[in-house]
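The values are calculated or read from the model by the stated rules, or taken from the named source; none is laboratory data. Not measured: the values here are computed from a predicted model. Cβ atoms come from the backbone with ideal geometry, glycine included; neighbour counts cover every protein chain shown. These accessible areas exclude ligands, DNA and RNA; they are computed on the full protein's heavy atoms, side chains included. Shrake-Rupley method; radii C 1.70, N 1.55, O 1.52, S 1.80 Å.
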Amino acid sequence: MTEVKEFTCIRCPLGCNVRATLEDGKITEITGNTCPRGADYVTKELTDPRRIVTSLVKVSGGELPVVSVKTAADIPKGDMQRCVQELKAVEVKAPVRIGDVVLANVCGSGVDVVATSNVAAV
Amino acid sequence: MTKDLVIIGGGPAGLAAAVAARKAGVQDLLILERDNRLGGILNQCIHNGFGLHTFKEELTGPEYAERFIRQAAELQIPYKLSTMVVDLRAEGPDRVVTAMSRKDGIYEIRAKSVVLAMGCRERSRGALNIPGYRPAGIYTAGTAQRYVNIEGRMPGRSVVILGSGDIGLIMARRMTLEGAKVQCVAELQPYSGGLKRNIAQCLNDFDIPLLLSHTVVDIKGKERVESVTIAEVDEHLKPIPGTETEYPCDTLLLSCGLLPENELSGKLGVPLSPITGGPLVNESFETGVSGVFACGNVLHVHDLVDYVSEEASAAGEQAAKYLTELSETSQNAGQDASAEKALRLRGQNGVRYTVPATIRPDHMADTQVIRFRVGANFRDATIRVSAGDQVLLSRKKNVLAPGEMEQLVLKKADLEQLPAGSEIVFEIAQ
């Protein structure tokens, strides 16, 4: 059975409209992408969709009450909400520097969550 | 106080302009920033997707800002925080900046040159004329973003978003991840105002419906928003009776466009574009007032910060060049007699505007990036650039969308041979 699926690539702001043709669930053709990342994105989207998650964690003793964070790599798309929930339980102590690990191995994904801004201690 | 260069705004545009000006040799410069830290709006844009052009990696907003803040620190560029510029005027060769802060009170700086980098502001409910009650719970998307991402507070639990600008889309995802229910995004136009990737990763990922050609026709609730009524609109953007749906909710976010913040430019008498709301600039990003340059969202609203940095670097370099010429000639450089001979750029047939608005071929580099936006969605269209009967450039595009900034590069060799004062027209030819 031939099936055609359309995607908007999110790997860069260009947002290519990428089309994947599947024969019995197997990808046979990918068109519409302007770079290899588009093909990679669609392949992953069909097999193991992943996202980078950004959120906040609480900070104690800092100039700000929260610090922005991100997953250091993409995690399974289905774990996004759970990732944010796990982060709600985390509180770090100021000072926090960009790149500091605030939570290791989030949702058992093997990916760490790192700070994306600096918060000085007060 | 006197300064060679004052940069108004310490966001991405101001920082990049300052770094470039310093690298080009400007010693006596100062950044004035109204917030209590540098970085501007990037500080609250905690999502990723910044920097792919500039740093070849995907950064979050605060990380992108930090790269420039660090460069500014390494170059020992001075700045003043929590400082509001309240007036800007020209007195002979001086550009007089009136600034105030709690620490320093109110004071004047006489500057030889100024870079305008004040950014933009969101269109508010008042500017949109939305009917209905005026309860609490109505925020611009950027205000909500500040509450959530800087202060760590949720503005509501059940949300309707009007307008599909990028900040609204980003907030739809952000509030959903934080546990709120985002019911829908209504967009007046038949197309989205945001980036395609944001529709995909912020709405589609979370099954949030995007209602194109829809708008808010009523807001109910006396103390707090209780419901928002949305109706479909016809081709004249007028609500169609009988299509109303009432959405019970406690929050309405507005993401209905950004307006360059040019009150100061207006006080100085800088001519503004009626289309972008930003200053009309030449190839050197110089406004109609000599020695005053503009870059970033105060000039025209960008889709990507990477382009802001690129444009602001150019503006900073041009400010440095202006100062060098000023010291060499000891008179007003810049907008000299060649201003009248400048080529005038104009958009038509779908091209809304161009930045720059004028080009002096004798002042330009070998190539010049021209940035512009289109007024509707186009598929398989050609952007044509012509002067009179002569086609200078013709570029095929698969997709053109109002939410995305476009750019073309013009060559000095092509422009030099045009008669002085020629008009260069940018248009869509289908």
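Restricting attention to region B:12-23, does a residue exist that is out of contact with any His (no Cβ under 8 Å at 6 or more places or on another chain) and surrounded by fewer than 17 Cβ atoms within 10 Å (Cβ to Cβ)? Checked against the condition, which is being out of contact with any His (no Cβ under 8 Å at 6 or more places or on another chain) and surrounded by fewer than 17 Cβ atoms within 10 Å (Cβ to Cβ), region B:12-23 yields at least one hit. Scan region A:107-115 and give yes if some residue there is farther than 18 Å from B:Gly61 by Cβ, surrounded by 15 or more Cβ atoms within 10 Å (Cβ to Cβ), touching a residue at least 40 places away in the same chain (Cβ under 8 Å) and more than 13 Å from chain B (Cβ to nearest Cβ), otherwise no. Yes: region A:107-115 contains one or more residues that are farther than 18 Å from B:Gly61 by Cβ, surrounded by 15 or more Cβ atoms within 10 Å (Cβ to Cβ), touching a residue at least 40 places away in the same chain (Cβ under 8 Å) and more than 13 Å from chain B (Cβ to nearest Cβ). Entry remark, region A:67-77: residues being over 12 Å from B:Leu59 (Cα atoms) and open to solvent by 20 Å² or more (accessible area, probe 1.4 Å) number 3 in total.
Does B:Arg95 satisfy the condition of being crowded, with 22+ Cβ neighbours inside 10 Å, more than 10 Å from every other protein chain (Cβ to nearest Cβ), in a strand (DSSP E or B) and not aliphatic (A, V, I, L, M)?
yes
Where strands (runs of 3 or more DSSP E) fall entirely within region B:264-371, those with at least 1 residues that are open to solvent by 20 Å² or more (accessible area, probe 1.4 Å) and farther than 17 Å from B:Ala17 by Cβ are at B:343-348, B:351-355. As for region B:189-210, it holds at least one residue that is more than 10 Å from chain A (Cβ to nearest Cβ), open to solvent by 20 Å² or more (accessible area, probe 1.4 Å), part of a loop (DSSP other than H, G, I, E, B) and closer than 19 Å to B:Tyr247 by Cβ.
Listed by position, the strands (runs of 3 or more DSSP E) enclosed by region B:104-173 include none that has at least 3 residues that are more than 29 Å from B:Leu299 (Cβ to Cβ) and of a type outside the set (S, T, N, Q).
Can you confirm whether region A:18-29 contains a residue that is within 11 Å of another protein chain (Cβ to nearest Cβ) and surrounded by fewer than 20 Cβ atoms within 10 Å (Cβ to Cβ)? Looking for residues that are within 11 Å of another protein chain (Cβ to nearest Cβ) and surrounded by fewer than 20 Cβ atoms within 10 Å (Cβ to Cβ), one finds none in region A:18-29, hence no. The residue pairs whose first member lies in region B:243-255 and is closer than 22 Å to B:Arg123 by Cα, whose second member is modelled with pLDDT of 95 or more and of a type in the set (Phe, Trp, Tyr), and whose beta carbons are closer than 6 Å, counting only pairs six or more residues apart or on different chains, are B:Leu253/B:Tyr139.
If you go through region A:56-65 and keep only what is free of Cβ contacts under 8 Å to residues at least 40 places away in the same chain and surrounded by 14 or more Cβ atoms within 10 Å (Cβ to Cβ), you end up with A:Leu56, A:Lys58, A:Pro65.
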